[in-house]
Amino acid sequence: MDKPKIVVLGAGLGGTIAAYEINAAVKARAEVMMVSDSETYSFVPSNPWVAVRWREPEAIQVHLPPIFAKKKIGFTAVGAKRLHASEKRLELNDGTSINYDYLVISTGPDLAFDEIEGLGPHGGHTVSICQTAHASAAAEAFDRFVENPGPIVVGAVQGASCYGPAYEFALILDTELRRRKIRDKVPMTFVTAEPYIGHLGLDGVGDTKSLLESEMRERHIKWITNARVAKVDAGMMHVEEIAEGGAVAKTHDLPFAFSMMLPAFRGVPAVRDIAGLTNPRGFILVDKHQRNPAFPEIFALGVCVAIPPTGPTPVPVGVPKTGFMIESMVTAIAANLDMILDGKEPTAEATWNAVCLADFGDGGVAFVAQPQLPPRNVNWAASGKWVHLAKVGFEKYFLRKVRKGESEPFYEKLALHVMGIRKLRM
């Protein structure tokens, strides 16, 4: 009798760990396979460092096929062209198809640079740190910039749902420019759709508003909130500041010699516009067990999951899917597939707790939100030089975990439990 086939779609931050954890949970009762569009895993949280050459791309990347082979997990880097959910079939880019019994979607986002004229690294006028290849290209642009410095504009456009990296990059740039003794030649402006500094798409965590405002004042970074980017020309960003009722309160023409703006996200083309599976932006609809209601054999985790915003804002602001939150989704899915293979109903629920380290190069801000969305049981934020050291340590630890094919070593589980941070609801 053939074993059921579990296919994981997407080998990013969540998908790679999901394949390891699901494979360990099902213990040879099912065949596990990874479908990716690349043989390389990149540790995306380190991309801001790549963009200022504090890291080379190769230092934050892992070649996956040998690890998956060692773990006896199937692997292809052909990539998915289209999901045919009603047929339980995944069509690949080479024209072949894979049939599955269970599918775990962990594709990450499609980057919607095209929604704003002149935005992005592909024919636009701004750089990106969303992908490691983008960050590498940004490093080349930064090299040219420091030869002839001028104004910098950094931030996140309307509909963006990932704000931490924008703050990180702005403050890392400040640190690097001061080290080069050219900070005095570079006016900096932070442009964000958030209603206030430190909102982060989460309505703030602890006192992130005061912490981040204080950092930016101290570093002479001006900011514009409730910002809608209308258009980006070469060397000029056109920004509308939106009032509470939706009217344009003020317009800003911001000159720049270097700019990084995070785009809005949407679902990837392979899964977009499937009735019952996705919302209008192409994000996967899931219940409390990370399972799609229309196609219960499909689970989803990470950035591709549909999460409604925390509340109305003058400019659309999405909700981030942070690293620990994603890992909690992974653990819930692995536990639920384990139950399903035993003929039981799935009961595991992810906590969606957030544990974040935002590095500024010479310090940073850390926060814990339990759960990620308010109201919360724990709502804490702190800053200091220790955050930078913690982020460096986390990078090394997580890359080691990926290279060893581990999801959650014993000492990680023990440390989290000691701190009262759990991945599943008790």
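The values are calculated or read from the model by the stated rules, or taken from the named source; none is laboratory data. Owing to the predicted nature of the structure, the values given are computational and were not obtained by experimental measurement. Ideal geometry is used to build each Cβ from the backbone, glycine not excepted, and the neighbour counts take in all protein chains shown. These accessible areas exclude ligands, DNA and RNA; they are computed on the full protein's heavy atoms, side chains included. Shrake-Rupley method; radii C 1.70, N 1.55, O 1.52, S 1.80 Å.
Quick notes on this structure:
- Rounded to the nearest 20, the Cβ-based charge dipole of the chain about its Cα centre (Lys and Arg +1, Asp and Glu -1) stands at 960 debye.
- Share, in percent, of DSSP beta bridges within the chain that are antiparallel, nearest 5: 55 percent
- Length gained on full extension, residue 425 to residue 87, computed as 0.36 nm times the residue gap minus the Cα-Cα distance: 118.4 nm.
- Counting only alpha carbon atoms, the long axis of helix 13-26 and the longest principal axis of the chain meet at about 20°.
- Spatially proximal aspartates and glutamates relative to residue 5 (Cα-Cα < 18 Å; intrachain offsets below 8 disregarded): 21, 31, 87, 91, 101, 297, 338, 342
- Solvent-accessible ranking of 146, 248, 104, largest area first, probe 1.4 Å: 248, 146, 104
- Largest first, the residues 386, 49, 352, 223 sort by 1.4 Å accessible area into 386, 223, 352, 49.
- Cβ-placed point charges (K, R +1; D, E -1), dipole of the range 97-256 about Cα centre in debye, nearest 20: 680 debye
- With respect to the chain, whose longest principal axis is taken over its alpha-carbon atoms, helix 164-179 is tilted by about 50°.
- Spin-label model, residue 248/residue 386: points 7 Å from Cα along the beta carbon direction are separated by 4.8 nm.
- Selection among 35, 54, 122 by position relative to the dipole of the range 1-123 gives 35 as farthest towards the positive end (Cβ unit charges, Cα centre).
- Sequence of 96, 126, 225 from largest to smallest accessible area, 1.4 Å probe: 96, 225, 126
- Mean-position separation - Cα centroids, the range 1-68 and the range 320-397, in angstrom: 18 Å
- For the chain, averaging the sequence separation of C-alpha pairs within contact (under 8 Å, six or more residues apart) and dividing by the residue count gives a relative contact order of 18 percent.
- Theoretical gain in end-to-end length, residue 288 to residue 53 [0.36 nm per residue, Cα-Cα removed]: 80.5 nm
- Taking the protein heavy atoms of the chain in the context of the full set of protein chains, the accessible area attributed to carbon and sulfur is 54 percent at 1.4 Å.
- With Cα atoms, 0 to 90° folded angle of helix 208-218 axis to the chain main axis: 40 degrees
- Qualifying lysines (Cα of each under 29 Å from Cα of residue 231; at least 8 residues distant if same chain): 185, 209, 222, 250, 321
- Label-reachable residues, the range 209-241, where backbone N falls under 12 Å from a point 7 Å from residue 117's Cα toward its Cβ: 230-234, 238
- Solvent exposure of the chain, expressed per residue, is 41 Å² of accessible area, with all protein chains present and a 1.4 angstrom probe.
- Given 344/396; 27/404; 88/391, the pairs whose alpha carbons are separated by over 28 Å: 344/396; 88/391
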